[in-house]
1. Consider Pro119 carefully, then state whether it is more than 30 Å from Ser21 (Cα to Cα), part of a loop (DSSP other than H, G, I, E, B) and at pLDDT below 95.
2. Only residues that are surrounded by fewer than 18 Cβ atoms within 10 Å (Cβ to Cβ), assigned to a loop (DSSP other than H, G, I, E, B) and on the phi < 0 side of the Ramachandran plot: list them for segment 122-147, please.
3. With respect to the numbered conditions (1) within 30 Å of Arg32 (Cα to Cα); (2) modelled with pLDDT of 95 or more; (3) of a type outside the set (Asp, Glu); (4) assigned to a loop (DSSP other than H, G, I, E, B), which one is the sole condition not fulfilled by Gln73?
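The values are calculated or read from the model by the stated rules, or taken from the named source; none is laboratory data. Worth saying up front: this structure is predicted, and the values here are computed from it rather than measured. Neighbour counts run over all protein chains shown; Cβ positions are idealised from the backbone, glycine included.
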Amino acid sequence: MIDLEFLERLIDALDRSSLDSLEIERGGTRVRLAKTPPAAAGAAVAPVAYAAAPPPASVPSAAPSSPAPAGDQEAPGEAQTSVSGKNLIEVTSPMVGTFYRAPAPDAAPYVEVGSRVAPGDTLCIIEAMKLMNELEAEVSGTIVEICVENAQPVEYGQVLFRIDPS
């Protein structure tokens, strides 16, 4: 059995380290700690959430609002941004992992700048904890920018692609 003090020290050590997960077995008890939630067993496709556009400033709020804490991040997925007069959709990483543009090192990339995509088309793979998670497009459009190099680590919420929906 692992005592609570030992477990608290493990959690503290994991928080201070650059490790993402830690697994230890002691006295017949196995403990696994992870900074990122584990992907569902057998999941091959990572769901992508869309960030809803904020309401116009002229719309009155039903309840008084308080400012968001400084550390809040927008949910990963796809959000609109304007670049040189175009409204582009930013596809962000839904998890921490390693970004891969192709299904294998010798295979062609899923998409290139200028590629047309439709909902359900695979954009890339993000490897997290030895699971390969395909990231699929949720909108139709043209890839105008690939923001990450192949085989590079990515963070939760990091912009991976910019898509022109027109």
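1. In short, no.
2. Residues satisfying the conditions are Val139, Ser140, Cys147.
3. So Gln73 meets the others, but not (2).
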